[in-house]
Amino acid sequence: MHSDGIQISNLTFLNSPSWHIHPVYSSNIVIQGLTILAPVTVPITDGINPDSCTNTRIEDCYIVSGDDCIAVKSGWDQYGINYGMPTKQLLIRRLTCITPDSAVIALGSEMSGGIEDVRAEDIVAINSESGIRIKTAIGRGGYVKDVYVRGMTMQTMKYVFWMTGSYGSHPDEHYDPNALPVIQNINYQDMVAENVTMPAQLAGITGDQFTGICISNVTITLSKKPKKVLWNCTDVSGYTSGVTPEPCQLLPEKQPGTVVPCNFPESSIPIDEVKLQRCYSRRRLM
Ligand SMILES: *[C@@H]1O[C@H](CO)[C@@H](O)[C@H](O)[C@H]1NC(C)=O
Ligand SMILES: *[C@@H]1O[C@H](CO)[C@@H](O)[C@H](O)[C@H]1NC(C)=O
Ligand SMILES: *[C@@H]1O[C@H](CO)[C@@H](O)[C@H](O)[C@H]1NC(C)=O
Ligand SMILES: *[C@@H]1O[C@H](CO)[C@@H](O)[C@H](O)[C@H]1NC(C)=O
């Protein structure tokens, strides 16, 4: 907590009873080359949870867990709103994840301090419940915006895309029922998923649409027993381009016949310039 300039690299973390790596209120963090293993039957064993952190890079990690491989957070309901510290400038690359009952990358559900500028690329998911999942609810307030994901390969998934606007758990009775979350500018592109039960379950909040959703160049192959409804969209808006199977009407095809890419920022974020330091062990001094 409250730390600046952290490197966690080349380590294996095994069977934490709760979240494995949890930086909070911190900045300038590099997490690289970790193996995180927890039984897939045990929940709450999230891999890495950047929580109200700025300028974080997570790369070359292999995570097997009973909960989200990476879960991005920033405080819960009125507590997160009052503290007001977002997670921003987060870079995730070269992640391999197995999580049969959870998300490869989850945004929320504690997102009340805000989550912005998340960039993820080169992700491999195997036997996971969902690819990217946004979890929020009335009372959360805050926002999830400017999310960019590209280059994801998925094998055996329940959902590829999942957004939940009714993630109903609250810390206590004192949350503000008028605190509506803002979900906007969410970009997913260049993905292939095989053996998928349901391509997308996208549920915004009535009276508080999730907007600016872009999904481009995504090929999804269904499992032997897929859901009848392949794309279930409510209270969301945006567009798709070059996506199969055919998306829902709330995300119409942008320009039939051409694949229009989604946005992905060209400029880098500061943590991408930071070089890894070699960590030494004192053992060699003996
Ligand atoms: C579509 O995505 C694949 C990766 O899934 C990539 O190899 C290809 O270049 C992308 N096509 C376009 C037009 O961007
Ligand atoms: C496809 O997914 C089902 C679960 O939906 C799983 O039982 C099966 O082994 C998977 N098949 C392949 C080829 O991965
Ligand atoms: C579609 O989404 C709505 C809103 O979340 C939900 O009530 C409904 O059960 C879903 N239908 C299917 C077929 O998944
Ligand atoms: C991690 O381990 C690899 C292989 O042993 C080594 O080449 C690399 O320098 C290590 N990285 C750090 C940051 O210590």
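Data for the structure
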quantity	calculated
For Ile220: the one exception among (1) within 16 Å of ligand 1 (Cβ to nearest atom); (2) closer than 24 Å to Ser166 by Cβ	(2)
Filtered residue count, segment 26-41, keeping only those that are away from ligand 2 (no atom under 16 Å from the Cβ) and buried (at least 18 other Cβ atoms within 10 Å of the Cβ)	10
Single residue of Gly113, Gly66, Gly80 found to be over 14 Å from the mean Cα position of the chain (by Cα), assigned to a loop (DSSP other than H, G, I, E, B) and within 18 Å of Met1 (Cα to Cα)	Gly113
Scope segment 142-177; condition over 15 Å from Phe210 (Cβ atoms) and part of a loop (DSSP other than H, G, I, E, B); matching residues	Gly168, Ser169, His170, Pro171, Asp172, Glu173, His174, Tyr175, Asp176, Pro177
Residues being more than 19 Å from Ala103 (Cα to Cα) and buried (at least 16 other Cβ atoms within 10 Å of the Cβ) - total across segment 211-224	5
Candidates Thr211, Thr240, Thr221, filtered to the one that is more than 23 Å from Asp122 (Cα to Cα) and part of a strand (DSSP E or B)	Thr211
Hey, Gly80 under 30 Å from Asp176 (Cβ atoms) and of a type outside the set (A, V, I, L, M, F, W, C) or not	yes
Qualifying positions in segment 225-244 - away from ligand 1 (no atom under 16 Å from the Cβ) and either crowded, with 16+ Cβ neighbours inside 10 Å or not basic (Lys, Arg) (or both)	Pro226, Lys227, Val229, Leu230, Trp231, Asn232, Cys233, Thr234, Asp235, Val236, Ser237, Gly238
The one condition in (1) farther than 23 Å from Gly151 by Cβ; (2) under 24 Å from the mean Cα position of the chain (by Cα); (3) surrounded by fewer than 16 Cβ atoms within 10 Å (Cβ to Cβ) that Asp272 fails to fulfil	(1)
The one condition in (1) within 17 Å of Gln201 (Cα to Cα); (2) in contact with a His (Cβ under 7 Å, 6 or more places away or on another chain); (3) of a type outside the set (Asp, Glu) that Gly139 fails to fulfil	(1)
Failed criterion for Thr153 (all others in (1) under 16 Å from the mean Cα position of the chain (by Cα); (2) buried (at least 17 other Cβ atoms within 10 Å of the Cβ); (3) free of Cβ contacts under 8 Å to residues at least 60 places away in the same chain hold)	(2)
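A short reminder: the numbers here are calculations on the coordinates, not readings from a lab. As the structure is a computational prediction, the values presented were derived from the model and not from experiment. Note that each Cβ is placed from the backbone with ideal geometry, even for glycine, and that neighbours are counted across all protein chains shown.
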